[in-house]
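This report refers to the structure that appears directly beneath it.
Each value in this text was obtained by applying a stated rule to the coordinates, not by laboratory testing. It should be emphasised that the depicted structure is a prediction, and the values quoted were computed from it without experimental measurement. Here the Cβ positions follow ideal geometry from the backbone for every residue, glycine too, while neighbour counts run over all protein chains shown.
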């Protein structure tokens, strides 16, 4: 289905994936999906066994790389930013 993606260089793939992440994360359904995936990958909770640790490490390494170099700063800013209208 996404054979064309495999034909791109690693740099091009990273750019395409980052762009797709940004577009999906900009929608309400996309936010729900990312939230569910991050929860299932133990992104925001402690890992109590080796399987959970492996999932968490994968999520952190891969997903943060797709979100971009300053993802950690933007995530922290989003967490501490007061909700709109408050």
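General remarks:
- Hey, residue 26 touching a helix residue (DSSP H, G or I) at 6+ places or on another chain (Cβ under 8 Å) and closer than 19 Å to residue 79 by Cα or not: no
- Qualifying residue in the range 33-42 (condition: surrounded by 13 or more Cβ atoms within 10 Å (Cβ to Cβ), in contact (Cβ under 8 Å) with a residue 24 or more places away in the chain, outside any loop (DSSP other than H, G, I, E, B) and under 12 Å from the mean Cα position of the chain (by Cα)): yes
- Extreme residue, nearest to residue 78 (Cα to Cα), among residues of the range 1-19 that are surrounded by 10 or more Cβ atoms within 10 Å (Cβ to Cβ) and more than 11 Å from the chain's Cα centre (by Cα): 19
- Residues being without any contact (Cβ under 8 Å) to a residue 40 or more places away in the chain and exposed (fewer than 14 other Cβ atoms within 10 Å of the Cβ) - total across the range 48-82: 23
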